[in-house]
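**Q** Quick one: the structure is below, and I'll ask about it shortly.
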Amino acid sequence: MNISPEEAARALEEVERTRRRTLRNAPPLFPSWYLVAIWAGVAVVQFSTEVLTGPVAWAGVLLTAAGYAAFMVKFFRDVSRWPMRPHRSLIDPMVWVAFGAWLVGGIVAGYALIAAFSAAGLAYPRTTASCCLLLVVAVTAPLLPRWMATRNARTAERRREGAAAPAPDDR
């Protein structure tokens, strides 16, 4: 089978176009609802341990633990059913650094709010702080995984373009 250089170039360009489109349309690395569910569980545990007492408090904590188990099952089922996921080699390590910064920032903000609410004499500082952070997470969580996927696609394209660049002549 003989293929002309023009046909080969067209075929390679089509492959590259498909690859770029696939990377840009890849699903996020994880569903955004999962982050909101985790933070909602934190708020429920704070409410259960700070506001409720006795068996009702224990029931709230146990119910939250059961909810976490259900969320984990749903998370793994959802992710395993995605039609495609980027290979580890295509994931920009900076997206995990940014995710870690977002996560640590939320935790630090939570402790800062607890300290501020406690100093102000608020009746339930942990519950109030976790509810405030839940609102922040509910707003920012949908943006984070999508940004991570977009950054991965851009990084993979830059790597590919860098690899496709002609090598400098060493003469």
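The values are calculated or read from the model by the stated rules, or taken from the named source; none is laboratory data. Since this is a predicted model, take the numbers as computed values, not measurements. Cβ sites come from the backbone with ideal geometry, for glycine too, and all protein chains shown count toward neighbours.
**Q** Return yes when THR64 is at pLDDT below 85 and assigned to a helix (DSSP H, G or I) and no when it is not.
**A** Working: at pLDDT below 85: no; assigned to a helix (DSSP H, G or I): yes.
Considered against the rule, which asks whether it is at pLDDT below 85 and assigned to a helix (DSSP H, G or I), THR64 comes out as no.
**Q** Restricting to the stretch 70-111, name every residue that is among the hydrophobic types (A, V, I, L, M, F, W, C) and within 22 Å of THR127 (Cα to Cα).
**A** First pass over the stretch 70-111, keeping only residues among the hydrophobic types (A, V, I, L, M, F, W, C): 70-73, 75-76, 79, 82, 84, 90-91, 94-99, 101-104, 107-109.
The answer is PHE71, TRP102, LEU103, VAL104, ILE107, VAL108, ALA109.
For every residue, the table says whether it meets (1) in contact with a Leu (Cβ under 9 Å, 6 or more places away or on another chain); (2) farther than 30 Å from GLU50 by Cβ; (3) hydroxyl-bearing (Ser, Thr, Tyr); (4) at pLDDT below 90.
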{"site": "ALA119", "(1), (2), (3), (4)": "no, no, no, no"}
{"site": "TYR124", "(1), (2), (3), (4)": "no, no, yes, no"}
{"site": "THR127", "(1), (2), (3), (4)": "no, no, yes, no"}
{"site": "SER130", "(1), (2), (3), (4)": "yes, no, yes, no"}
{"site": "LEU133", "(1), (2), (3), (4)": "yes, no, no, no"}
{"site": "VAL137", "(1), (2), (3), (4)": "yes, no, no, no"}
{"site": "ARG146", "(1), (2), (3), (4)": "no, yes, no, yes"}
{"site": "ARG151", "(1), (2), (3), (4)": "no, yes, no, yes"}
{"site": "ARG154", "(1), (2), (3), (4)": "yes, yes, no, yes"}
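**Q** In the set ILE107, ILE114, which member is surrounded by fewer than 17 Cβ atoms within 10 Å (Cβ to Cβ) and either closer than 30 Å to ALA156 by Cα or modelled with pLDDT of 90 or more (or both)?
**A** Numbers: ILE114 fails: surrounded by fewer than 17 Cβ atoms within 10 Å (Cβ to Cβ).
Unique residue meeting the criteria: ILE107.
**Q** Tally the residues that are out of contact with any Cys (no Cβ under 7 Å at 6 or more places or on another chain), in contact (Cβ under 8 Å) with a residue 12 or more places away in the chain and among the small types (Gly, Ala, Ser), restricting the search to the stretch 1-57.
**A** 6
**Q** Continuing with the same structure: Return the pairs, sorted by first residue and then second, in which the second residue is part of a helix (DSSP H, G or I) and surrounded by fewer than 19 Cβ atoms within 10 Å (Cβ to Cβ), the first residue lies in the stretch 109-131 and is without any contact (Cβ under 8 Å) to a residue 40 or more places away in the chain and of a type in the set (S, T, N, Q), the beta carbons are less than 7 Å apart, and the residues are 6+ apart or on different chains.
**A** Going by the 7 Å Cβ cut-off, the qualifying pairs are THR128/PHE117.
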